Amino acid sequence: MYYIGIDLGTSAVKLLLMSGNGHIENIVSKDYPLYFPHPGWSEQNPEDWWTAVLAGLKELTEGFPADKVAGISFGGQMHGLVVLDGEDQVIRPAILWNDGRTAKQTDYLNQVIGKEKLSEYTANIAFAGFTAPKLLWMKEEEPENFSKIAKIMLPKDYIAYRLSGVHCTDYSDASGMLLLDVKNRKWSDEMIQICGIRREMLPDLYESYEAVGAILPEVAEQLGFSGQVKIVAGAGDNAAAAVGTGTVGDGKCNISLGTSGTIFISSKKFGVDEHNGLHSFDHADGHYHLMGCMLSAASCNKWWMDEIIGTDQYQEEQKEIRELGENHVFFLPYLMGERSPHNNPDARGLFIGMSMDTTRADMTQAVLEGVAFAIRDSFEIAKSLGIRIERTKICGGGAKSPLWKKIIANVLGLKVDVIETEEGPSYGGAILAAVACGEYGSVEEAAEKLIKVVDTIEPDAGLVRKYDERYEKFVKIYPAVRELYQELK
């Protein structure tokens with residue numbers, strides 16, 4: 001049988017066809033537009049997602065026996081607000097995870113409701129990208145649209161709805177809404193009241209590996225699929241990527257260098273750090289995880305290469321970088337504001353340390369190192385909780401760079417394991433579908449059998465020491481300029 005993983009990303013949807021033994025049979029990607037109606041805002045049209053998914057499913061299964069598809073599951077961009085009216089029609093464009101319009105509402109939640117209360121209700125504090133502040137923004141700025149809301153959804157769950165007719169979400173993705181009681185795996189009554197919504201507006205909750213229903217007959221007919229195809233809840237993109245890299249169970253770590261960047265630590269025990277610098281979320285394996293998330297990671301390098309240097313020769317540019325740990329240029333990678341650990345939507349990118357002998361390669365190196373240093377910010381919080389991590393998996397577009405992986409290994413002082421299949425959320429989604437269909441007994445069993453490490457980048461003790469010194473300087477830059485960001489808006 002075949003299993004499909006759908007990774008609903010920010011710039012494109014990636015669809016992956018996997019056989020029961022974990023072999024990837026086909027991969028298809030479909031782009032869709034991203035809109036910035038105001039500086040710092042970020043929106044998409046859910047209908048564009050659906051059009052791309054349908055076209056992608058047809059192309060993905062072309063040449064394969066489509067009636068052998070047993071299950072479809074998901075990984076998806078988190079936190080986005082999709083709102084439907086009583087006729088299940090989309091009310092307004094989806095407000096995405098990297099949208100920064102909710103500074104006022106985020107401050108209200110953190111300062112008036114209070115971080116302690118939020119942490120008690122949800123295990124997290126408010127960040128501008130989370131869903132609850134977006135609801136408050138709609139309530140204040142678009143009251144007519146707010147009054148029409150019948151269902152509140154997340155991006156991937158809208159696709160699950162279009163495939164199954166079921167309003168659903170999973171615990172991992174719901175964890176990032178600031179509406180879920182993460183510890184007890186249920187919607188928070190307190191947050192529902194604070195946001196001025198009703199319980200029936202929220203979808204039913206499922207484990208990531210649970211089927212929510214079967215494919216709708218009309219969709220199955222259109223695609224040539226069996227009417228028995230299971231639609232499986234899936235997971236937020238980082239939890240799905242963690243499944244796809246085998247970061248499940250207790251004490252495992254994964255770093256994702258995608259549009260955003262994350263450090264993801266799986267745990268069988270629930271935990272929250274004192275200052276809520278890391279997100280405490282439910283995991284797709286039925287347990288928990290801690291996650292530090294930066295809003296711009298590989299997208300920083302893409303911006304630098306595409307918009308500033310004006311080249312698509314990413315690897316060629318990196319060949320000019322020869323001396324690691326010696327660069328005097330620093331880069332703050334906050335092009336879309338920042339989440340972990342600063343929680344500042346007004347933060348912006350910054351180069352500092354240039355001189356007349358600074359080269360183009362120095363600037364490129366600073367971008368790569370700046371992302372690594374920002375990931376280390378979150379890693380340091382995890383270490384402060386007594387969590388001992390000695391190695392990490394790595395995935396995402398940035399993980400295709402040997403140089404960047406070497407920088408990550410030495411900035412964090414970790415062994416970096418490269419896995420055979422670096423397909424992230426789409427592969428994790430396919431694995432979740434296989435578990436739901438009984439191909440594997442659990443997510444952990446599937447990961448153990450399917451995920452293979454093919455290379456390990458070992459940190460160099462001398463280079464680790466150099467990067468420790470560089471990091472001590474990096475962490476002083478943000479506090480020094482923090483107050484300026486508000487003035488520069």
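Please treat every number below as a calculation from the coordinates, not as lab data. Just so it is clear, the structure is predicted and the values come from calculations on it, not from any experiment. Note: ideal-geometry Cβ built from the backbone for every residue, glycine included; neighbour counts use all protein chains shown.
Under the membrane-span-like helix rule (DSSP H runs whose alpha carbons stretch at least 27 Å along the helix axis, mean Kyte-Doolittle hydropathy -1.0 or higher), the chain yields 360-384, 461-488. Based on the Stokes-Einstein relation at 4 °C and a viscosity of 1.567 mPa s, and on the Kirkwood radius from alpha carbon pairs, the range 2-238 is assigned a translational diffusion coefficient of 71 µm²/s.
Couplings for the range 174-183, taken from phi via the Karplus curve 6.51 cos²θ - 1.76 cosθ + 1.60 with θ = phi - 60°, read 4, 4, x, 8, 6, 10, 9, 7, 4, 4 Hz in order; Gly and Pro are left as x. Here's the picture: a label point sits 7 Å out from the Cα of Glu316 along the beta-carbon direction, and within the range 347-372 the residues with their amide nitrogen under 15 Å of it are 361.
Suppose we keep just the DSSP beta bridges with both residues in the range 2-238; what percent of those would be antiparallel, to 5?
Working: 27 of 41 bridges.
Around 65 percent antiparallel, to the nearest 5.
Dipole size of the chain about its Cα centre, with +1 on Lys/Arg Cβ and -1 on Asp/Glu Cβ: approximately 740 debye, rounded to the nearest 20. Computed over the Cα atoms of the range 49-182, the ratio of the radius of gyration to the Kirkwood radius (Rg/Rh) comes to 1.04.
Taking only DSSP H segments of four or more residues, each worth -39500 (n - 2.57), what value at 222 nm results for the chain once the sum is divided by all its residues, to the nearest 500 deg cm²/dmol?
On the way: 17 runs with 177 residues, N = 489.
So the helix-based figure for the chain works out to -11000 deg cm²/dmol.
Relative to the current alpha-carbon distance between Asn145 and Glu87, full extension at 0.36 nm per residue lengthens the span by 19.5 nm. Between Lys268 and Glu218, the distance separating the two model label sites (each 7 Å from Cα on the Cα→Cβ line) works out to 4.7 nm.
Projecting the Cα atoms of Thr456, Met18, Leu432 onto the charge dipole of the chain (Cβ charges, centred on the Cα centre) puts Thr456 farthest toward the positive pole.
Where nothing but the Cβ of Lys and Arg (+1) and of Asp and Glu (-1) is charged, how large is the charge dipole of the range 2-238 around its Cα centre, in debye to the nearest 20? Write out the running numbers ahead of the final one.
Working: 21 positive and 33 negative charges, 74 e Å.
Here the size comes out at about 360 debye.
In a fully extended conformation the segment linking Leu484 and Tyr108 would gain 133.2 nm over its present Cα-Cα distance, using 0.36 nm per residue. Amide H contacts of Ile419 (H built 1.01 Å from N, in plane; Pro and chain starts excluded): Ile394, Val454 sit under 5 Å, all sequence-distant by 5 or more or on other chains. On full extension, the segment bounded by Glu469 and Glu390 gains 26.4 nm, given 0.36 nm per residue less the C-alpha separation.
Of all DSSP bridge pairs formed entirely within the chain, close to 70 percent run antiparallel.
For the range 260-314, dividing the convex hull volume of the Cα atoms by the residue count gives 91 Å³ per residue.
Using bins of 10 Å that start at zero, the share of Cα-Cα pairs per bin across the range 365-489 amounts to 11, 33, 29, 18, 7, 1, in whole %. Distance between the C-alpha centres of the range 21-86 and the range 325-388: 31 Å, rounded to the whole angstrom. Among Gly251, Ser208, Gly398, which residue has its Cα positioned farthest towards the positive end of the charge dipole of the chain, with +1 placed on the Cβ of Lys and Arg, -1 on the Cβ of Asp and Glu, and the dipole taken about the Cα centre? Farthest along the dipole direction, towards plus: Gly251. Rg and Dmax, both from the Cα atoms of the chain and both in Å, are 21.5, 66.
The distance between label points at Lys383 and Asn26 comes to 4.7 nm (points 7 Å beyond Cα on the Cα→Cβ vector).
Which of Lys466, Lys134, Lys405, Lys186 has the fewest other C-beta atoms within 10 Å, and how do the rest follow up to the most?
On the way: Lys466 17, Lys134 28, Lys405 21, Lys186 12.
Exposure proxy ranking, most exposed first: Lys186, Lys466, Lys405, Lys134.
Dipole orientation for the range 2-238: of the candidates Ile194, Trp41, Gln89, Ile194 has the Cα lying most toward the positive pole (charges on Cβ; Lys, Arg +1; Asp, Glu -1). Seen through its C-alpha gyration tensor, with square-root eigenvalues sorted a ≥ b ≥ c, the range 182-280 comes out oblate because a/c lies at 1.5 or above while a/b is not bigger than b/c. Taking amide H positions as modeled 1.01 Å from N, with prolines and chain starts lacking one, the residues under 5 Å from Leu350 and 5 or more places away or on another chain are Leu332, Tyr334.
With charges set only on the Cβ (+1 for Lys and Arg, -1 for Asp and Glu), what does the dipole of the range 321-458 come to about its Cα centre, in debye to the nearest 20? Before the final figure, lay out each step's value.
On the way: 15 positive and 20 negative charges, 26 e Å.
The calculation lands at about 120 debye.
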